[in-house]
Amino acid sequence: MRTPLIAGNWKMHMTGTAAAELVAELLETELNTGAQVLICPPFTALAAVAEVLEDAPVHLGAQNMHWEEQGAYTGEISPAMLVDAGCEYVILGHSERRQLFGETDEGVARKAAAAFAHHLIPVICCGETEAQRDAGETAAHIRSQVTAAVRGLRAADAAQAVIAYEPIWAIGTGKTATTEQAQEVCRLIREVLAEVQNEEVAQAVRILYGGSVKPANIAALMAQPDIDGALVGGASLTAADFAGIVNYGEEA
């Protein structure tokens, strides 16, 4: 049985003080679904959030990292640095990193391997553009991204990975894939995992949906057999909205 995971990606929002206040507010709400909760603030807020989360049932993650442990990589953050800051998870290959900063499938694969080498769980993102969906290329594109990310991993590591499906056309646009569209792609991801790794890995990996997730649509998404949680952007920046998503649309 896969434990659901609801992850908040704060992107480039929140100073350390504001982040600590938001997390403290979230911890005061009643989170009652039994889902694991993950917060991924910006690098500069990791220490402040880690302090608030000490002994709390909420996990801490980062939004990116380099694959090297150290070196002449100005402006980069290593996996060892994230562990030292208290992180357990790291988001890799988000579409904004791919589109705006030129990240590649090869780089994401190297980062995933480095994450496991440092006992971090990667949340590996994949997703298609609106043009790719309209051209009927969704399946081929997702298959390529997922295959590249997991084929070099040991099965024991791959089974712990999290895959987040985020249709690029639904990120921050107010558009949301229908539950049928989301389930179709998440099922495809599980099939690819079985082909590239094995069926046991495929059944163990948690697959999240991301893209304008809100308290109003989370229950329908979570009812799908191959959706194990959500990667939440804007709605994770307010405690009430994020708690509503963690509670699958019910009042906190």
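The values are calculated or read from the model by the stated rules, or taken from the named source; none is laboratory data. Given the structure is predicted, the values throughout are model-derived calculations rather than measurements. Note: ideal-geometry Cβ built from the backbone for every residue, glycine included; neighbour counts use all protein chains shown. When the accessible area is computed, the model is the full protein with side chains, heavy atoms only, and any ligands, DNA or RNA have been set aside. Shrake-Rupley method; radii C 1.70, N 1.55, O 1.52, S 1.80 Å.
For this structure, a couple of remarks:
Yes/no per residue for (1) open to solvent by 50 Å² or more (accessible area, probe 1.4 Å); (2) not hydrophobic (A, V, I, L, M, F, W, C):
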position	(1), (2)
THR147	no, yes
ILE163	no, no
ILE168	no, no
GLU184	yes, yes
ARG187	yes, yes
GLU199	yes, yes
MET222	no, no
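- The lone exception for TRP67 - which of (1) open to solvent by 70 Å² or more (accessible area, probe 1.4 Å); (2) outside any loop (DSSP other than H, G, I, E, B); (3) closer than 24 Å to VAL146 by Cα it fails: (2)
- Identity of the residue in the range 14-49, charged (D, E, K, R) and outside any helix (DSSP H, G or I), that ends up most open to solvent (accessible area, probe 1.4 Å): GLU28
- Test for GLU191: is it in a helix (DSSP H, G or I) and without any contact (Cβ under 8 Å) to a residue 40 or more places away in the chain: yes
- Residues that are outside any strand (DSSP E or B) and open to solvent by less than 20 Å² (accessible area, probe 1.4 Å), drawn from the range 50-64: LEU53, VAL58, ASN64
- Residues of the range 196-235 satisfying the condition of being acidic (Asp, Glu) and either in contact (Cβ under 8 Å) with a residue 40 or more places away in the chain or touching a helix residue (DSSP H, G or I) at 6+ places or on another chain (Cβ under 6 Å) (or both): GLU200, ASP226, ASP228
- Filter result for GLU88 (under 14 Å from the mean Cα position of the chain (by Cα), farther than 19 Å from GLU166 by Cβ and surrounded by fewer than 20 Cβ atoms within 10 Å (Cβ to Cβ)): yes
- Residues that are open to solvent by less than 70 Å² (accessible area, probe 1.4 Å) and in a loop (DSSP other than H, G, I, E, B), drawn from the range 70-79: GLY71, ILE77, SER78
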